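Taking it in order: structure first as structure tokens, then the write-up.
The values are calculated or read from the model by the stated rules, or taken from the named source; none is laboratory data. Everything numeric in this text was worked out from a predicted model, so none of it was measured. Counting neighbours? That spans all protein chains shown, and the Cβs are built from the backbone with ideal geometry, glycine included.
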Amino acid sequence: MKKSTPYILIAVLIGALLFLFVSNNKKSQRKLDERVTLKRQDKIPYGTYVAFENLPHLFPKASIYTSRQVPGYWDSLSYFDTRQAYIVVTKSFDADEDEMDKLISFAQKGNDVFISAQYISATADRMLKCASSSYDLSIFGIEDLNNNMKTSLATPPYEKTMAYSYPGKSFNSYFTTIDSFATNVLGYDGTGRLLFIHLRTGKGNFFIHLEPLAFSNYFLLHKNNIDYYEKALSVIDPATKKIVWDEYYIRKPQSDRQQEKKGWFKVLINMENEDGKKPFRAAFWLAIALLLLYVLMEMRRRQRYIPLIKKPKNESLDFVKTIGRLYYDKGDHRNLCKKMSAYFLEHVRNKYKLATGNLDEEFIKNLRYKSGAEEGEISQIISFINHIDTASAISQNQLTGFYKQLETFYQNT
């Protein structure tokens, strides 16, 4: 019974995961996905896939790009070119003064900036000389959405006034005041309030639209509402060469108040990469699954203890040290000098390939040439080696001096 317990637990876990997966799929099939993302890759009702994919049809001569960079740091747009367009569709256009300065400077060179957002920051309102009732209530966890959104385009500049509507959500934002001398009205909401305006700056244009859901998939695919999309974007120069669809403000970090409300863990779980996926969430649940699997497998068996193996000792070196210490302690300095001289001659034979049968002047010269040692140093060593054979005894001072001469030779050669 104990052996089968882990397998039973694994089977129960897999069954629970399959049940959750199937139940979630059934729920998603029954219920409309009402998330408002306004992301170009989202095909859900309140994504902007249709609007983005139709840009090449409206501007066949323009190159279409996407950007998530701060305004002014684009890869595709240039401050020195004209006939470029910058399009933003987002819930919150929370631009600061530096970002607005860059956008205005970009437009003044002869380019178009088209912004459709529910919320326009106070800085943007001030610099564009307008005011709006677009409050971003999502900061407080409130979705300010109504149903049955209606909108219309103004005459002029459009040929005739037409109303457009759909049964979906609406942000219900509008302009409360505008600078009538510098602003042209382009559209209204269902109650006649200002919704869409145009401002001229330098050689370019600013277009501000306060109902981004009018560019959602749901709205554009409802009846003939694609006509609204085509006419609204027709204000952009048809000879535009480059168009950037910007998603920086969709992904711009939220206010500290909202971050605190969500909590750091929820922010990490919902963090998305460039493809709109959530890799941290997948990695987190994978880590939990692996940890659970490890615990279940650990219940079945434990790994055998691996003993610590000590590093082998060099016993030969210890033996040599012991023998040398023995000769030294016995006071047999002559015998110890003989062994040191024998090691020296063996070293010369192996390293310098010299015969050591005759330790004469010619040997000293050959060893000097090959080793590079001083001739006087070699002569002292050879002279002492010859003296060992005839000496009856070697003193401790002679042993020490001979040892130092050999060490100097080994180090210098």
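Below is a table of values for the structure above.
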{"quantity": "Some residue of segment 247-259 being surrounded by fewer than 11 Cβ atoms within 10 Å (Cβ to Cβ), modelled with pLDDT under 65 and either within 28 Å of the chain's Cα centre (by Cα) or outside the structural domain of ILE64 (by TED's automatic domain parsing) (or both)", "calculated": "yes"}
{"quantity": "Test: residue in segment 128-146 that is modelled with pLDDT of 90 or more, of a type in the set (Ser, Thr, Tyr) and assigned by TED's automatic domain parsing to the domain that holds ASN54", "calculated": "no"}
{"quantity": "So ASN366, is it modelled with pLDDT of 85 or more, out of contact with any Phe, Trp or Tyr (no Cβ under 9 Å at 6 or more places or on another chain) and farther than 17 Å from ILE394 by Cβ", "calculated": "no"}
{"quantity": "Options GLY401, GLY372, GLY376: the member that is touching a residue at least 40 places away in the same chain (Cβ under 8 Å) and not aromatic (Phe, Trp, Tyr)", "calculated": "GLY372"}
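Listed here are the residues, each with its yes/no results for (1) among the aromatic types (Phe, Trp, Tyr); (2) surrounded by 12 or more Cβ atoms within 10 Å (Cβ to Cβ); (3) at pLDDT 80 or above.
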| residue | (1), (2), (3) |
| --- | --- |
| LEU292 | no, yes, yes |
| SER316 | no, no, no |
| LYS330 | no, no, no |
| HIS333 | no, yes, no |
